[in-house]
Amino acid sequence: LKQHLSRYPPTYPSLSNAATANMAAFKSKSPEAPADVEKQPLLADKSQQPQTFGAIEEPGKKTPTGLHHHDEWDSTANDISLMTSWQAFCMVQGSAWDNMYIWKTMFWAVVLSFSVAFATYQWRGALLIKEEKIEKLGTFLNVFVGMLLGFFLASSMTRWHGCVKAFMELLDAVRSMHMQMTALGVDRHRTVTLSRYGILSAWLLHLSLNPGNKGKQLPKLEKMWSWLEQIRPHLVQPEEKELLLRHKECYALIWTWVASLIGRMSQNGEIPPMASPTYGRIINIVEMAYGSIRDVRTMNLVKAPFVYVHTLSILVLVNTILNAISFGIVLGMTLEVATGKNDGKHSKDLSKFVISLLMEFFISMVVPFLYLALLDVCVCISQPFTFEDSKIPSLQFIRSLEQDIANATVMGDNTEWLKPRFKK
């Protein structure tokens with residue numbers, strides 16, 4: 001065992017409690033069986049466990065400043081059963097209501113409404129305006145704006161789910177590759193190398209897509225590698241870093257190494273030959289990983305056309321302005337009747353004006369406010385790696401991948417049968 005460890009040093013993280021319990025259960029089944037090197041877990045001795053594989057973070061280890069600030073809030077961690085109750089009004093964090101730009105826009109809309117109301121109150125002929133005409137002024141854009149926002153929201157959600165699916169396909173490719181190597185009984189150092197390349201690709205993609213603290217720009221390539229070396233120091237070798245540092249999209253080029261290594265293993269007889277279906281399946285896993293990276297980058301970089309988003313934003317703002325003017329006119333007319341400015345000629349219609357004012361408030365002030373919030377939601381969802389309120393929890397996905405690889409390694413090393421071996 002010592003010779004095996006010295007030749008192929010383990011580079012996996014500490015095991016979870018569940019994996020350790022499973023390992024003990026396997027041992028308890030045959031207490032009197034002789035020790036077999038192939039069946040002994042390489043990580044049984046805690047003194048031989050490395051501090052990190054770039055997988056599971058050590059307890060108490062500090063994270064580099066500003067690296068995972070965006071992952072403190074998980075936009076998908078919510079109790080959906082509460083969304084149908086009145087408690088939804090009390091949920092502010094992560095919602096559209098914590099955006100100060102929406103409240104500032106509505107503040108200026110209220111200022112405009114009061115200014116129009118003051119001007120209407122000073123105009124003697126204001127009561128000659130028909131209320132039906134005023135309502136048409138504020139509502140003729142509502143239906144059109146609502147329809148455009150619905151289309152934008154549908155496309156944004158499709159984009160968000162597409163990014164999640166593509167990112168998960170990359171992680172599933174790493175899991176599938178590890179499973180294939182376990183089934184073929186490939187040497188430990190080969191399996192570790194392939195898994196390490198896959199996890200390294202996921203980490204580099206995650207760091208390149210997620211901006212820094214303020215989200216103003218993507219971190220530089222050197223800064224990205226500096227972050228990676230602080231949180232996962234054993235994930236990349238110095239000579240590998242020197243080659244990858246030259247390329248901006250190094251997270252995709254890593255799979256070229258994986259494909260080349262798979263081909264060499266096939267020629268060496270470690271896995272089935274190139275003409276076999278098994279080899280084709282392994283290459284399909286590599287192509288799936290590369291294609292998922294391309295899909296994630298495409299959905300993140302190719303945004304909605306500026307002319308569409310800009311026009312939609314202008315329509316929402318113009319609709320807010322027109323509704324604010326409409327509400328201000330009705331408010332000024334109501335004040336004029338309530339104060340009896342025109343010798344009380346319309347005092348008998350006061351209740352009618354108050355009801356019109358109340359209806360105009362909901363139509364001209366509440367509805368535009370909801371449209372502004374919906375526009376903010378559409379913009380956030382359309383960029384899954386930019387805005388914190390809609391950010392994909394990619395960091396949690398990568399940690400889950402690393403834990404799965406570590407646990408799968410333990411389970412593969414603790415079986416009641418001899419480990420498979422393709423190479424004779």
Requested in this report: Could you pull the accessible area for Met359 with a 1.4 Å probe, rounded to 10 Å²?
Outcome: 100
Report task. Subtract the Cα-Cα distance of Ser313 and Thr158 from 0.36 nm times their separation in residues, and report this length gain in nm to one decimal. Result -> 53.8 nm
Requested in this report: Give the shape of the stretch 176-309 as rounded, prolate or oblate, defined through the alpha-carbon gyration tensor: a ≥ b ≥ c are the square roots of its eigenvalues, a/c under 1.5 means rounded, and otherwise the shape is prolate if a/b is larger than b/c and oblate if not.
Outcome: oblate
Report summary line: With 0.36 nm assigned to each residue of separation and the Cα-Cα distance removed, Met100 to Phe118 gains 3.8 nm
Report task. Please say if the stretch 310-376 is rounded, prolate or oblate, where rounded means a/c under 1.5 for a ≥ b ≥ c the square roots of the C-alpha gyration tensor eigenvalues, and otherwise the choice is prolate for a/b larger than b/c and oblate otherwise? Result -> prolate
Query raised in the report: How would Val337, Val377 rank on accessible area, largest to smallest, probe 1.4 Å?
Result: Val377, Val337
**Report entry** Accessible area (Å², 1.4 Å probe, nearest 10) - Cys90
**Finding:** 110
Query raised in the report: Accessible area, 1.4 Å probe, largest first: how do Trp97, Trp225, Trp103 sort?
Result: Trp103, Trp97, Trp225
Query - Stretchable slack from Val110 to Phe89, in nm (0.36 nm times residue separation minus alpha-carbon distance) - result: 5.4 nm
Query raised in the report: Ranked by accessible surface with a 1.4 Å probe, highest first, in what order do Leu243, Leu331 come?
Result: Leu243, Leu331
Query - Gyration tensor (alpha-carbon) shape descriptor, the stretch 219-289, a/c threshold 1.5 - result: prolate
Report task. Roll a 1.4 Å probe over the protein heavy atoms and report the accessible area of Tyr197 in Å², nearest 10. Result -> 20
Query raised in the report: Name the trypsin sites (Lys or Arg not before Pro) in the stretch 149-200 that are in a loop by DSSP and that have at most 15 other C-beta atoms within 10 Å, would you?
Result: none
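The values are calculated or read from the model by the stated rules, or taken from the named source; none is laboratory data. For clarity, every value in this text was computed on a predicted model and none was experimentally measured. In this analysis, Cβ positions are derived from the backbone assuming ideal geometry, glycine residues included, and neighbour counts consider all displayed protein chains. SASA here: full protein model, heavy atoms, side chains in, ligands and nucleic acids out. Shrake-Rupley method; radii C 1.70, N 1.55, O 1.52, S 1.80 Å.
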